[in-house]
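See structure below.
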Amino acid sequence: MNKFLIIFFSGLISLFFACKPHINKENDLIGTWRVDDIKINQEMSLSQKANFNLYLGQLRETSYFIFRNDHKYESSFNENISKGRWELANKGQLLVIKPDESDADSSKITELNATTFIILSESDGVTSKIVMKKQK
């Protein structure tokens, strides 16, 4: 009987800790995030790199994501505001964004904690690594 109770409670504790990271990720995601850096896997000329760096500077100044605990979000990229719903899928490994005005899109989460949020996004064969920092 004691062996059964030990196994049963060990299973419950394991189940609790297995579910907890997903809950923590949602809690970590809630808040306002700003773009800190973007890296892409595409070769660029010097002038393209210069233009990209200017664009990145503008994104740092004007872009944000706000994730709310009711699973609604608002984002702004170069003053284009988007609103919709968000969810974490695949045990917290994917961020799924569903804008009100278009189809859902998903990005792989490579890091998410209380201060840093990193996703990989692919479009037209180009993978972007987007690093965001939480605003206080």
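The values are calculated or read from the model by the stated rules, or taken from the named source; none is laboratory data. Small disclaimer: the values here were computed from a predicted structure and weren't measured. Because the Cβ atoms are built from the backbone with ideal geometry, glycine has one as well, and the counts that use them run over all protein chains shown.
Checking the stated criteria, A114 turns out to be at pLDDT 90 or above, within 18 Å of V35 (Cα to Cα) and surrounded by fewer than 16 Cβ atoms within 10 Å (Cβ to Cβ). For the criterion of being of a type outside the set (A, V, I, L, M), within 21 Å of I118 (Cβ to Cβ) and either more than 16 Å from the chain's Cα centre (by Cα) or modelled with pLDDT under 90 (or both), F67 fails.
Scanning the range 78-112 for residues that are in contact with a helix residue (DSSP H, G or I) (Cβ under 7 Å, 6 or more places away or on another chain) and either among the acidic types (D, E) or under 20 Å from S63 (Cα atoms) (or both) returns N78, E79, L112.
Out of I109, I81, I97, one residue alone is surrounded by 13 or more Cβ atoms within 10 Å (Cβ to Cβ), under 27 Å from L54 (Cβ atoms) and modelled with pLDDT of 90 or more. It is I97. Kindly indicate whether E122 is out of contact with any strand residue (DSSP E or B) (no Cβ under 6 Å at 6 or more places or on another chain) and either among the β-branched types (V, I, T) or in a strand (DSSP E or B) (or both). It is true that E122 is out of contact with any strand residue (DSSP E or B) (no Cβ under 6 Å at 6 or more places or on another chain) and either among the β-branched types (V, I, T) or in a strand (DSSP E or B) (or both).
Checked against (1) under 13 Å from the mean Cα position of the chain (by Cα); (2) of a type in the set (G, A, S); (3) exposed (fewer than 13 other Cβ atoms within 10 Å of the Cβ); (4) modelled with pLDDT under 90, S128 passes all but condition (3).
Scanning the range 49-75 for residues that are among the acidic types (D, E) and outside any helix (DSSP H, G or I) yields a total of 2. Of the residues in the range 88-99, not one is part of a strand (DSSP E or B), polar (S, T, N, Q) and farther than 14 Å from G31 by Cα.
Residue pairs whose Cβ atoms lie under 6 Å apart, separated by 6 or more positions or on different chains, with the first residue in the range 88-111 and under 14 Å from K72 (Cα atoms) and the second charged (D, E, K, R) and part of a strand (DSSP E or B), are V96/E87; I97/D105; K98/R85; D100/K83; A104/K98.
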